[in-house]
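To start, the structure itself, in structure tokens.
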């Protein structure tokens, strides 16, 4: 039996960190992720865990220290949001290219400017090509569950890549929900001990981490990262199944809601999926065959799996909570449209931008999207939802 509790998303992630008891956590505060290192520091001060907490002078330093600890053989992590992650930008690429299995608790927040502290996905989506695995949560339960799975994925011998566990700023990070925690002994057995094969402090096998790579060698490192990202797909599914056997909550690349017979489907990431599900319930009661595909794993991008799940849809609304400024769609819209093209899908596809800078996305907004893709033939392919007139 799990432990019933009421926690915010930040508390839930911090509790997962407490149960894992990692070796090192450098961190620098930034809204809305500040509470995560704050709670962890409290656990350490109270003697509940023996993680080494390192207060640093910036987010660049926090990721640098995290990578240094990982390279030395420690299980390491940090937490941040928005501009904090932007200050880590160089180190994100260093983590992935050096194959360091660190974990980042990212609380999604809009990037400046103009200055905004509310939720959108511009921070994580801006880093989508940095080589990190990216997993998103709809609610507090998923934020907790995803974090417990992160090290099993990152540290797997066929992967060894950093993992970004994302949740929506304030919407899940600060909202309190009922969740079910897993007993400490089960978590410890599931996550396991970290026994790195190669690390800087191994005197028996001297090595360098992050040496200069000349042109004859650099491309091979990128190919290795790509192969690891492909390998991560099987590992993510394997870990999700094992987690389900332990907790009763299994995880894959996506979640379908009323998807099997849906003619009109909304594809969405994060907390707004809950809002969209309410709209589906209303429209289903009215006899409309609508459904949701909630993307959980954005990196590696499960292109074939998503296209297969959408093969019977007549029309698809792809929802982006970040702009890419290509003029041809958002991050999810561009990648999923490409996947549908390769799968020879004939579905009508419309890319909607919603919730930027924390703009409300309401049930009636989701209903209107479904009504539009179901009733109109000539629709503007790229649109903003909820703009002030």
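One Cα centroid belongs to the range 62-104, the other to the range 371-385; the line between them spans 41 Å. Taken along the Cα-to-beta-carbon direction at a fixed 7 Å, the label points for residue 281 and residue 209 span 4.7 nm.
By the helix-only formula, in which each DSSP H run with n ≥ 4 contributes -39500 (n - 2.57) and the sum is divided by residues, the chain has a 222 nm mean residue ellipticity of -12500 deg cm²/dmol.
Between residue 115 and residue 326, the FRET efficiency from the beta-carbon distance, with R0 = 35 Å, is close to 0.90. Label separation (residue 53 vs residue 174): 2.1 nm, computed from points 7 Å beyond Cα along the C-beta direction.
Exposure proxy for 60, 342: other Cβ atoms within 10 Å of each Cβ, ordered fewest to most, give 342, 60. Centroid-to-centroid, using Cα positions, the range 277-356 and the range 107-155 are 19 Å apart. With a simple spin-label model that places each label point 7 Å from the Cα along the Cα-to-Cβ direction, the separation between residue 388 and residue 249 comes to 3.7 nm. Normalised by the number of residues in the chain, the average gap of Cα pairs under 8 Å and 6 or more apart makes the relative contact order 16 percent.
Roughly what angle does helix 331-342 make with the longest principal axis of the chain, taking Cα atoms, 0 to 90 degrees, to the nearest 10? Roughly 70 degrees, rounded to the nearest 10. Each of 190, 147, 325 was scored by other Cβ atoms within 10 Å of its Cβ. Arranged with the fewest first, they read 325, 190, 147.
The slack between residue 338 and residue 129, meaning 0.36 nm per residue of separation minus the straight C-alpha distance, is 73.6 nm.
Readers should treat all values here as calculations from the given coordinates under stated rules, not as data from a laboratory. Remember, it's a predicted structure, so these values are computed and weren't measured experimentally. Cβ: placed from backbone, ideal geometry, glycine included. Neighbour counts: every protein chain shown.
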